[in-house]
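Right, one structure below, let's go through it.
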């Protein structure tokens, strides 16, 4: 048994070495923007590679589809996130006015150097053992007016994707390999504007296009106590470009930025404490292919712990970059209620800055 585990570990190490040697991707900025992050992941310090075990495997690590023994059909699962400074920025402004570039700028001019973060997403889906599909939609706003430079920084993303995934179980499930593909329509604004700008219109700033994206994943579980697991996820294999067509909403011929390929790796332990209590513990390092370009390793580090109490109550904690996280879930037969708080690094490599965020999710599934 031990010899078989060592044999698998050797081949996995060879595979990861080959991937790292062959693939190239540029470094990211102060905040890393992911196609998907969920409330469970946020509560557990941002880990996902070895811990995901539900329908969100389609969006994060498709190898984890091999963990499912039955099926999960999600009818609705709205998830909403906001930053700690949102209420100050909202003030007397109507919430709907902050959905437009000019309305958001007007509010931020009254609260300079405050960071606005808002996200909403939805993922109706159906997953079975080794297979799944779904429709994912997400809108994210990040914006700020910098007082020292009089600049208005605006990042906005609206994604709609059709997702299909499959995994293969080998050696009694000790090795799981998965792939997920998606047809993605992206609308995007990434602008550095003058804070005195007027009459800003979404249609004048936005870029839109559609593309095909693919993710791959692998999980290797050792046949020992605590089920030690090594995993890796390759996101946006070969780089995702939005050049299939001009999209479905704006059709203005301006294309969003391509998304570079990244590889995230993790190590997890899954101890069973009793018949009704078990844990998931994981540490991860993100975007290993550009690790040599990073001067602050904490920007890539994530660690998390989850305690499962009878599959009904889940307690979560972790470290996301250098900031603490926490989460809580109540799970019933057909419903889930989840909450989490986490800190995101939005500063520079020499000047750290935390944006504390809060997120919640309610799901109906069977």
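Derivation of every value follows stated rules applied to the coordinates shown; laboratory data play no part. Keep in mind the model is a prediction, meaning the values are calculated, not measured.
If one takes the longest principal axis of the Cα atoms in the chain, at what angle in degrees, from 0 to 90 and to the nearest 10, does the Cα axis of helix 2-22 lie?
The angle comes out at about 30 degrees.
Where is the GNM fluctuation largest for the chain (alpha-carbon springs, 10 angstrom cutoff): 344, 188, 31?
Answer for the Gaussian network model of the chain: 31.
Suppose a student asked you for the relative contact order of the chain, using Cα pairs under 8 Å spaced at least 6 residues apart; what percent would you report?
About 20 percent, as a whole number.
Based on Cα coordinates alone, diagonalise the gyration tensor for the chain, multiply each eigenvalue by 5, take square roots, and list the semi-axes in whole Å, largest first.
Whole-Å semi-axes of the equivalent ellipsoid: 35, 22, 21.
Of 42, 320, 275, which has the largest mean-square fluctuation in a 10 Å C-alpha GNM of the chain?
Comparing 42, 320, 275 in the GNM, the peak value goes to 275.
Which value at 222 nm does the chain reach when only helices count, each DSSP H run of 4 or more adding -39,500 (n - 2.57), with the total divided by all residues and rounded to the nearest 500 deg cm²/dmol?
Value at 222 nm, helices only: -3500 deg cm²/dmol.
In a Gaussian network model over the chain where Cα atoms closer than 10 Å are linked, find which of 233, 74, 51 has the largest mean-square fluctuation.
74
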